[in-house]
Amino acid sequence: MDAMDSSHSQPTATSDPAAPPRPPTGLRAMVVEDEAPLAKLIGSYLERDGFETAITGDGAGAVTLARQVDPDVVVLDLGLPGLDGVEVCRQLRTFSDAYVVMLTARTEEIDTLIGLSVGADDYMSKPFSPRELMARIQAMLRRPRAGIAAPRPADSTTTTAADLIHRVGDLTLDVDGREVTVDGRPVALTRTEFDILAALARDPGVVLTRAQLIEAVWGPSWAGDAHLVDVHVGHLRRKLGDDATRGRYVRTVRGVGYKMGAGQ
Ligand code: CA
């Protein structure tokens, strides 16, 4: 325990001096937050964790900046001047599969946001601990199937390319290349949607509960609402041209969870 843990994370513009900076990771982060001291604080945490970090306080500018930066991680405030966070996230999703954590002013907003199918991967309500935010981001980056960062040792030969291609009916899922096609046509999935599908495809006969999917996709430290799984599965099915009653690719197992469909 150090001083930071008992400070209730009062936003300050300086990073925690007790923690040594980590070496650059080659990952890029973008902070979109119009409260400048908070933006700076989040930015300093990201930089200390080795992210090359860009900060903006403006919604419309954020979309432009994201095209330039091509971020791996975006911390996105909901209430922004210009475009709000919902619209920024929607526009971002047309060209980026960055991991998006959306910040909200009120806990109650999270349910509404989830219902809006914004395309964020995670949500935090203010005030939050920057450490908790970083823990969630790091957990996300440790996800074994997460493509963006998962540092892959050059001599790692535990899996062959063939193990990483799943075929289910007309659907092909290339885990390594993070590509999904249906009937030969590429399907643009968010990172979270992709990881859910990959988790199900890994053991096609096995039903995964929502809790198991959360652990597989968000990591064991994630303490969010299991309802988020259903929302992401809903988006996933829509993009795959699947539906809840048929479940060609993602089948609902009532009262239990989800499993891979048989492709027909
Ligand atoms: Ca704001």
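Here, each number is a calculation from the coordinates, and none is a lab measurement. Quick caveat: nothing in here was measured; it's all calculated off a predicted structure. Because the Cβ atoms are built from the backbone with ideal geometry, glycine has one as well, and the counts that use them run over all protein chains shown.
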- Task: Mind sorting Ser129, Ser44 by how few other Cβ atoms lie within 10 Å of their own Cβ, fewest first?
- Result: Ser129, Ser44
- Item | Under 28 Å from Lys126, Cα to Cα: lysines that are on another chain or at least 8 residues apart | Lys40
- Task: Can you bin the range 28-142 into rounded, prolate or oblate? Criterion: square roots of the alpha carbon gyration tensor eigenvalues sorted a ≥ b ≥ c, rounded for a/c under 1.5, prolate for a/b above b/c, oblate for the rest.
- Result: rounded
- Message: Under the rule of at least 5 residues apart or a separate chain, name every residue whose amide H is placed under 5 Å from the amide H of Val207.
- Response: none
- Whole-Hz couplings from phi, Karplus 6.51/-1.76/1.60, listed for the range 94-110; x for Gly and Pro: 6, 9, 9, 10, 4, 6, 10, 9, 9, 9, 10, 7, 9, 4, 5, 5, 4
- Scan the range 90-135 for trypsin sites (Lys or Arg not before Pro) in coil per DSSP, keeping those whose Cβ has at most 14 other Cβ atoms within 10 Å, and list them by number. Arg106
- Task: Among Leu65, Gln138, Tyr123, flag the residue with its Cα farthest along the positive direction of the charge dipole of the range 28-142, charges on Cβ as +1 for Lys/Arg and -1 for Asp/Glu.
- Result: Gln138
